[in-house]
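As C-alpha cells, the structure follows; a few thoughts come after it.
The values are calculated or read from the model by the stated rules, or taken from the named source; none is laboratory data. Keep in mind that what you see is a predicted model, and the values were worked out from it rather than measured. Don't worry about glycine lacking a Cβ; one is built from the backbone with ideal geometry, like all the others, and counts go over all protein chains shown.
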Amino acid sequence: MYILIFAFIFLIGTIIGSFLNVVIYRFNTGMTLVNGRSICMTCNRNLRWFELIPVLSFLIQSGKCRRCESKISHQYPIVEFLTGVVFTLVAYKFMPILYFSSQMYFSLVLLYMFMFSVLIVISVYDLRHKIIPDKLVIIFIISAFLSMFINSSPFGPLFIIPSYAALVSGPMLALPFALLWLFSKGRLMGLGDGKLVLGIGWMLGLSSGIFMAVLSFWIGTIVSVALIFLSKNKINMKSEIPFAPFLIVSALIVFIFNLDVFSLIRLFSI
C-alpha cells in the first residue's frame with residue numbers, strides 16, 4: 001500500500017519538477033509562468049502533450065526534439081527526477097506523524113515540498129546564472145519563517161509559538177555568511193548565500209543548521225577540487241563556483257536524516 005502511495009508522490013513530484021523547469025527558464029525573462037505553450041527552443045514548434053511527459057519523453061526521444069532533432073538539455077529530466085525523489089523523501093520523513101494526525105502530516109508535507117521546490121529552482125538558477133534571485137529567496141525565507149509556527153511533533157496542536165532559540169536561529173546562522181561577504185567584498189561569498197542561509201536556519205534550527213553549514217563547505221571543497229582536476233584547466237582557483245547548490249544539498253541531507261551539531265561532535269569523537 002505504502003509503495004503505491006510513494007510511487008504516486010514520486011509521480012506528482014516529477015510533474016511539479018516539469019513546472020519548476022518552466023520557472024527556471026522563464027524567470028526574469030518577462031515571460032509568464034502559466035500562460036503560453038511549451039516550445040522547442042531551437043525550432044519554436046509547440047510541443048505536444050506526449051512530448052511533455054516528465055522524464056519518459058526525454059528518454060523515448062533520446063534527448064532530441066522530434067522535428068529538428070536538436071539536443072534537449074539534460075536539466076529537464078534531472079530536475080523532474082530529483083523533484084520526484086525529494087518529494088518522496090519528504091513524505092517518508094513525516095510518515096510516523098500520519099499515524100497520529102493526517103491533518104498535521106499533510107500540512108507539513110505540503111509546506112516542505114513547497115520550500116524544497118523553491119530551493120531546487122534557486123539551486124539550478126544559481127548554477128545557470130551564478131546569481132540567487134531576491135524574489136525566490138524572499139519566498140523561501142517567508143515560508144521557512146512560517147514553518148516554525150507548525151508543530152513537527154505528532155503530539156500537541158497543529159500550530160505553535162516558536163521558541164526564542166528558533167526565532168534567532170536564522171539570523172545567527174546567516175551572520176557568519178554575511179560577514180564573510182562583507183569583509184571579502186563579495187569575492188568569497190555572495191550576499192544571496194547569506195539570505196539563503198537565513199531561511200535555511202529557520203527551516204532547520206540552529207543545531208542542524210550548524211551541521212548544514214559545515215557539510216556544505218565539505219561538499220563544496222570536494223566538488224570544487226574535483227572540478228579543477230577534471231576540467232582540463234577550464235576551471236581554476238579563481239573561477240566562480242555557485243555555492244547555493246552546496247547549501248541546498250546539505251540542507252536536504254541534514255533535514256532528511258535529522259542531523260545536528262551533536263551528530264557532528266560524535267563524528268569527530270570516533
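For the stretch 114-230, the helices (runs of 4 or more DSSP H) that sit wholly inside it and include 2 or more residues that are within 15 Å of the chain's Cα centre (by Cα) and surrounded by 14 or more Cβ atoms within 10 Å (Cβ to Cβ) are 134-147, 191-204, 206-230. Considering only the stretch 172-189, I want to know if a residue exists there that is touching a Phe, Trp or Tyr at 6+ places or on another chain (Cβ under 6 Å) and not hydroxyl-bearing (Ser, Thr, Tyr). The answer is yes; a qualifying residue exists.
Given the criteria closer than 17 Å to Tyr125 by Cα and at pLDDT below 80, does Met31 qualify? Yes; evaluated as a whole, the condition is true for this residue. Touching a residue at least 12 places away in the same chain (Cβ under 8 Å), in a loop (DSSP other than H, G, I, E, B) and over 21 Å from Val137 (Cα atoms): does that describe Phe81? Answer is no for this residue. Could we say that Pro162 is at pLDDT below 95 and closer than 25 Å to Phe268 by Cα here? Criteria not met by Pro162. If only one of Leu111, Leu146, Leu136 is of a type in the set (A, V, I, L, M), in the same structural domain as Leu196 (by TED's automatic domain parsing) and farther than 18 Å from Leu247 by Cβ, which one is it? Unique residue meeting the criteria: Leu146.
Just so you know, in the stretch 43-59 the residues that are exposed (fewer than 14 other Cβ atoms within 10 Å of the Cβ) and not in a loop (DSSP other than H, G, I, E, B) include one that is modelled with the lowest pLDDT, and it is Trp49. Consider the stretch 234-270 and keep the residues that are assigned to a loop (DSSP other than H, G, I, E, B) and of a type in the set (D, E, K, R). The one that is modelled with the lowest pLDDT is Lys238.
Quick check on the stretch 64-73. Is at least one of its residues without any contact (Cβ under 8 Å) to a residue 24 or more places away in the chain and in a helix (DSSP H, G or I)? No, that holds for no residue. Residues of the stretch 83-121 that are under 15 Å from Phe8 (Cα atoms) and of a type in the set (Phe, Trp, Tyr): Phe87, Tyr92, Phe106.
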